[in-house]
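Remarks on the structure that follows.
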Amino acid sequence: MTATTLPAAAPVAVDMGLYPEIQKFGATDISACFSCGTCSATCPMSQTDGTFPRRIIRYAQLGMKDALLSSKELWTCYQCGECSDSCPTKADPSEFMAATRRYAIASYDRTRIAKAMYTNPVVATAVAVVLALFFALFFLSSHGSMAADQLLLWKFIPEDVVHTTGMVVMALVFLAGIVGVIAMIRDVGAKEGVSVKDALGSGAGLGRTVRALWYAVGLESFGQVRFREECDSDETAKALPWYRQRGVVHMMVVWGFMGLFAATILDYGLALINVKATGTPVPVWYPIRLLGTVAGASLLYGVSVLIVDRYRKANRSVTSSMPADWVLLALLWVTAITGFSIELALYLPGAPVWGYWLFVVHVSVAMELVLLAPFMKLAHVIYRPIALFYVSLAQQAKGTTK
Ligand code: SF4
Ligand code: SF4
């Protein structure tokens, strides 16, 4: 009788410092977890997207850092908290998943800024304040005159200074974020067995890729379909009025952010093709201005509810907060409220002096917000769609796409 020789399994690197490291990002004590799997059975996202959160917890307990960071499941969790409610040992897997996502953002970031901001409240506060002051002083160094009869903001801070600064900030964000994005695509793609050739190398592959993009970006990022349908499906969430439900509030923040971004791009686009110079006064019904106003209202409402809910620890998704979470909410809120107040100032007779100062605050904080995006929770705007792209490919391969 001849013995069968099995192929050697690939060695798995073990990092026993993994779990203590994740704890620095706010993870609860998961030593109580005995791998019963109740959380995975309860999770509305598990099974269709892979099995979690139990598997992610096991990776952390066993020090399997590479497996953990290449898991698309990290990002398909919406922190609804149902797993924590069902955990018999109160290990709080929901909070553990949130902490692991913070750890992943810091791991993808090669500059180490994200780690410093997440784990050190002094650094998070100092970075937020110093950057805001830096931008404010920079813009003020080039300020012009304050017209007294009309609020002429671009005469106060020249439009080309703001425009050029915005382009530099976007370039820096791209450089800071692209390394992490490539690392994530490479690692998750390898784990899921999807290469660039699979995704783009044939008509069928291209079809799957387009469907996956539509699912990840169209349905999930813009439509927030599963967030609303599955994460707000428990009785506590259903008891809330529709405008307080997490899915709706999250969607208003997403749409507000996207709408303001689109309005800014369109405004610059019209200037490029010489239709309207940036900053030219326009009536309130002017489509781009209307888009900016509605998007700003949506963002302001959504962020205000998020702040109140986080302060009150109103639901499972906000039971614990890191300093960087508050910094992000503060930057979003200040950007939204100053933008709105400037709109108000534009309608007032004459040119209120505070309108000019609010404008400086608004552009400074908005620049800071964009610059810090790769180092805070906002980075999930990129990482989550990438993960959902792989979820869709996996579902198409299994023939389980809805
Ligand atoms: S976190 Fe709780 S529910 Fe999940 S496997 Fe561990 S003990 Fe079970
Ligand atoms: S928080 Fe919700 S989505 Fe995330 S693992 Fe738990 S049950 Fe699943």
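The values are calculated or read from the model by the stated rules, or taken from the named source; none is laboratory data. Remember, predicted model here, so these are calculated numbers, not experimental data. Positions of Cβ are backbone-derived with ideal geometry, glycine not excepted, and every protein chain shown enters the neighbour counts. What goes into the accessible areas is simple: the full protein's heavy atoms, side chains included, and nothing from ligands, DNA or RNA. Shrake-Rupley method; radii C 1.70, N 1.55, O 1.52, S 1.80 Å.
Before moving on, here are some points about what is shown:
- About its Cα centre, the stretch 252-402 has a charge dipole of approximately 600 debye under the convention of +1 per Lys or Arg Cβ and -1 per Asp or Glu Cβ, with nothing else charged.
- At an R0 of 30 angstrom, the distance between the Cβ atoms of CYS36 and GLU229 translates into a FRET efficiency of 0.65.
- The chain: angle of helix 93-108 to the longest principal axis, Cα-based, in degrees nearest 10: 70
- Residue-averaged [θ]222 nm for the chain, counting only DSSP H segments that reach four residues, each worth -39500 (n - 2.57): -20000 deg cm²/dmol
- Extension reserve of the LYS276-THR111 stretch, reckoned as 0.36 nm per residue once the Cα distance is removed: 55.4 nm
- Using a Förster distance of 30 Å, the FRET efficiency for TYR311-PHE261 (Cβ separation, nearest 0.05): 0.65
- Farthest toward the positive end of the dipole of the stretch 18-108, out of PRO53, THR42, CYS87, is the Cα of PRO53, where the dipole comes from beta carbon charges about the Cα centre.
- Plainly put, the stretch 21-148 has a radius of gyration that is 1.19 times its Kirkwood radius, both from alpha-carbon atoms, as the Rg/Rh ratio.
- The stretch 28-90 versus the stretch 153-170: alpha-carbon centroid distance in Å: 45
- Degrees, to the nearest 10: 159-192 long Cα axis against longest axis of the chain: 10
- Of the accessible area of the chain, computed with a 1.4 Å probe over protein heavy atoms only, carbon and sulfur atoms account for 70 percent.
- The length gained on full extension between PHE174 and VAL129, counted as 0.36 nm times the residue separation minus their Cα-Cα distance, comes to 13.9 nm.
- Selection from GLN150, GLY203, PRO349 lying farthest towards where the dipole of the chain points positive, charges on Cβ: GLY203
- The stretch 18-108, accessible area per residue, ligands and nucleic acids excluded (1.4 Å, Å²): 31
- Surface analysis of the stretch 113-398 yields an accessible area of 50 Å² per residue, using protein heavy atoms and a 1.4 Å probe.
- Accessible-area ranking of MET367, MET16, MET252, largest first, probe 1.4 Å: MET16, MET252, MET367
- Here the peptides 265-275, 385-395 are ranked by packing, the mean other Cβ count within 10 Å, and the order with the highest first is 385-395, 265-275.
- Partners of LYS115 within straight-line reach, counting lysines whose Cα lies under 29 Å from its Cα and excluding those fewer than 8 residues away in the same chain: LYS24, LYS65, LYS72, LYS90, LYS191, LYS313, LYS377.
- Rounded tilt (10° steps) of 246-272 against the dominant C-alpha axis of the chain: 50
- Sequence-distant lysines (8 or more away, or on other chains) whose Cα lies within less than 30 Å of LYS276: LYS155
- Cβ-isolated cysteines (cut-off 4.7 Å), the chain: CYS33, CYS36, CYS43, CYS77, CYS87
- Rounded to the nearest 20 debye, the dipole magnitude of the chain is 540 debye, with +1 charges on Lys and Arg beta carbons, -1 on Asp and Glu beta carbons, and the Cα centre as origin.
- Between LYS90 and SER195, the contour length at 0.36 nm per residue exceeds the Cα-Cα span by 33.9 nm.
- √(5λ) per eigenvalue of the Cα gyration tensor, the chain, largest first, Å: 42, 23, 21
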